[in-house]
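Asker: This is the structure I want to talk about, given as structure tokens.
The values are calculated or read from the model by the stated rules, or taken from the named source; none is laboratory data. All values reported here derive from a predicted model rather than from experimental measurement. Ideal geometry is used to build each Cβ from the backbone, glycine not excepted, and the neighbour counts take in all protein chains shown.
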Amino acid sequence: MESPNLKISLSEDERLDDLNCKGYMIIQNSKTFCFGMDAVLLTGFADVREGEKVLDMCTGTGIIPILLEAKTQADHFTAIEIQQESADMAKRSVIYNGLENKIDVIQGDIKECSQILKKASFDVVTCNPPYMNDNHGIKNPELPKAIARHEILCTLQDVVFQAKMMLKPGGRFYMVHRPHRSAEIISVLKEHGLEPKRIRFVHPYDNKDANMVLIESTRGGKSMVKVEPPLVVYKSPGVYTDEILKIYNSNS
């Protein structure tokens, strides 16, 4: 299938989704894996400043660098993804949106980031990693969705270690994860010299337990953490809260 942009083509089962920001589109395949709200919320939580260089690990189809390019004045983004099909979609989305000079997509293993890329060369690292560890059942470890959701090809330790290696001293690491692993996450961050600075829990409704946590940590930072007010997604079934709408509308 040929897209309206003649520079790229769409494979079977692929589609172009409108990101409602600067006219940007993203290529996705619902039979493999599509981005979720967690990625969008991470782009609203991450503090990316003018002129900074950003690395997105486990980029999937490139949603985080594309949205952050729309929202921020960062100088350049590098994205790394181990699954060839997802990395290929990310590369074609970058081309489709004319962002070849702003976003580089690398198909590779994040466990080798510090060998592929220059160490301590990024101001910011972002990651929406696989959430589920060995305690969660895996129906088929070869499926792309399983690889994206389960710690099959990388663990929390791998993600945090590589983030530390790629950050400049004082650089910031932003991650979205699951609340039930919060104690483990904080322990692993501190083990690798990344000091938690901001934590925000995301709740589907104001009377429901959190189902996501957003965490900012700093390489070599002092020990002081701010727990921000809860972020509530829905005020009634199917109706987003004003803050969620603001995060989404900030893309436009």
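Asker: With the condition being surrounded by fewer than 17 Cβ atoms within 10 Å (Cβ to Cβ) and more than 15 Å from the chain's Cα centre (by Cα), I'd like the helices (runs of 4 or more DSSP H) fully within the range 1-114 carrying at least 1 qualifying residues.
Answerer: In the range 1-114, the matching helices (runs of 4 or more DSSP H) lie at 84-96.
Asker: Please count how many residues of the range 196-243 are in contact (Cβ under 8 Å) with a residue 60 or more places away in the chain, farther than 20 Å from Gly171 by Cβ and not in a loop (DSSP other than H, G, I, E, B).
Answerer: 3
Asker: Is it the case that some residue within the range 89-111 is touching a Pro at 6+ places or on another chain (Cβ under 8 Å) and modelled with pLDDT under 95?
Answerer: no
Asker: Okay, next question. Among the residues of the range 190-204, is any at negative phi, at pLDDT 95 or above, aliphatic (A, V, I, L, M) and surrounded by fewer than 17 Cβ atoms within 10 Å (Cβ to Cβ)?
Answerer: No, because not a single residue in the range 190-204 is at negative phi, at pLDDT 95 or above, aliphatic (A, V, I, L, M) and surrounded by fewer than 17 Cβ atoms within 10 Å (Cβ to Cβ).
Asker: Continuing with the same structure: Mind telling me which of the residues Thr43, Thr78, Thr72, Thr32 ends up being closer than 26 Å to Asn211 by Cβ, at pLDDT 95 or above and hydroxyl-bearing (Ser, Thr, Tyr)?
Answerer: After applying the criteria, what remains is Thr43.
Asker: Look at the range 161-184 and say how many of its residues are of a type in the set (Ser, Thr, Tyr) and either surrounded by 24 or more Cβ atoms within 10 Å (Cβ to Cβ) or over 23 Å from Val40 (Cβ atoms) (or both).
Answerer: 1
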